[in-house]
Amino acid sequence: MGPIMKVTSQPSADTLTLVLDGELDASSAVVLDTELNKPGLLNYRKVLIDCQRLSYISSAGLGVFISHLQRLQDSDVKLVFYNMQEKVFNVFEILGLDSLMNIVPTAEEAQAA
Amino acid sequence: MQDHIRISCSRQNLQQVRDFVRGFLLAAQRSELVVNQVVLAVDEVVANFIIHANGEDANQFLDLLLVLSDHHLDIEIEDHGSNLFLPQGATPSPDLREYIRQGRKGGMGMTLVSRIMDRVEFFERNSHTICHLSKVLV
């Protein structure tokens with residue numbers, strides 16, 4: 001079986017976009033954690049998470065974002081999610097994370113956030 | 001309708017579990033949102049059994065049984081490992097702002113399960129741990 005989560009990093013000026021493709025669970029969350037742990041991340045003003053092809057997230061995936069959020073905020077790096085599928089957004093809603101995370105509908109709104 | 005699957009205790013098998021639950025519920029013509037919620041609840045419990053109860057010992061295995069009768073879904077997950085795993089109830093309302101402040105990774109899985117399913121029970125049967133989940137699918 002191939003990897004169930006692919007993370008593509010797209011740096012551009014002061015913004016880093018991470019494109020997620022696949023399912024984020026207790027097995028694959030480490031792939032995202034590795035990307036968010038890279039020290040260069042804190043040199044950006046914004047980290048955008050493109051969720052268009054993120055088809056599933058479990059608590060392990062949510063935990064990766066939660067575990068990095070304070071560190072990013074402390075370094076004035078904005079974390080913004082966009083293009084999120086309804087079923088994935090629903091998981092954020094069930095826990096109430098949709099009110100604590102910056103989630104916008106489109107790439108344009110993410111760029112402007 | 002009902003169906004059954006057996007997996008070994010490796011987190012690599014979580015995808016197989018999700019595909020199994022998805023296939024079962026989509027065949028029963030349930031909405032994508034409901035299907036994803038139930039898939040998530042099962043994934044969280046199975047991940048707990050694999051990682052916390054069995055230490056990812058691939059020689060151990062779990063049985064998963066799904067039964068759908070009218071609108072009532074019953075799910076039984078049986079852990080064949082030798083360690084009884086009877087977790088206390090989920091934190092009903094975890095303080096997520098505090099989780100963020102602490103950079104905490106875990107502690108939300110069983111909260112999700114309890115918010116998605118109508119009933120969540122862990123009990124012992126024949127020296128095995130059983131998790132029974134149920135939900136009325138509307």
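Derivation of every value follows stated rules applied to the coordinates shown; laboratory data play no part. As the structure is a computational prediction, the values presented were derived from the model and not from experiment. Heads up, the Cβs are rebuilt from the backbone with ideal geometry, glycines too, and the neighbour counts pull from every protein chain shown.
Multiplying the sequence separation of A:V30 and A:S9 by 0.36 nm and subtracting their Cα-Cα distance, what value in nm do you get? Kindly include the intermediate steps, with their values, before the conclusion.
Values: separation 21, 0.36 × 21 = 7.56 nm, distance 1.52 nm.
Length difference between fully extended and current span is 6.0 nm.
Local charge sum around B:E78 (other residues, Cβ-Cβ under 14 Å, Lys/Arg +1, Asp/Glu -1)?
Residues close to B:E78 contribute a combined charge of -4.
Find the eigenvalues of the gyration tensor of the Cα atoms of the protein assembly as shown, then list the square roots of 5 times those eigenvalues as equivalent ellipsoid semi-axes, largest first, in whole angstrom.
33, 19, 17
Counting only other chains, and only Cβ atoms inside 10 Å, what mean value do you get across the residues of B:112-125?
The shielding value for this peptide is 1.
Check cross-link reach from B:K135 to the lysines: straight Cα distance under 20 Å, and skip same-chain residues fewer than eight apart.
The qualifying lysines are A:K87.
With r defined as the distance between the Cβ atoms of A:R71 and B:H128 and R0 fixed at 35 Å, what FRET efficiency is calculated, to the nearest 0.05?
0.25
Please give me, ordered by residue number, the GluC sites (Glu not before Pro) of the range B:12-66 that lie in loop per DSSP and have at most 15 other Cβ atoms within 10 Å.
B:E56
Pick from B:S31, B:S93, B:S69 the residue whose mean-square fluctuation is largest in a GNM of chain B, springs joining Cα atoms under 10 Å.
B:S93
Net charge around A:D21, counting only other residues with Cβ within less than 10 Å of its Cβ (Lys, Arg = +1; Asp, Glu = -1)?
Net of charged neighbours comes to 0.
Please identify the DSSP H helices in chain A that span no less than 20 Å along the helix axis (Cα) and have a mean Kyte-Doolittle hydropathy of -0.5 or more. Don't skip to the answer; put the middle values down first.
Values: long enough: A:59-74 (23 Å, 0.26).
Within chain A the helices that satisfy the rule are A:59-74.
What is the fewest-to-most order of B:L68, A:L16, B:L33 by other Cβ atoms lying within 10 Å of their Cβ?
With the fewest neighbours first, B:L68, A:L16, B:L33 line up as B:L33, B:L68, A:L16.
Under a straight-distance cross-link criterion of Cα-Cα below 14 Å, which aspartates and glutamates are reachable from A:K6, leaving out those fewer than 8 residues away in the same chain?
By straight Cα distance, A:K6 reaches A:D21, A:E23, A:D25, A:D33, A:E35, A:D50.
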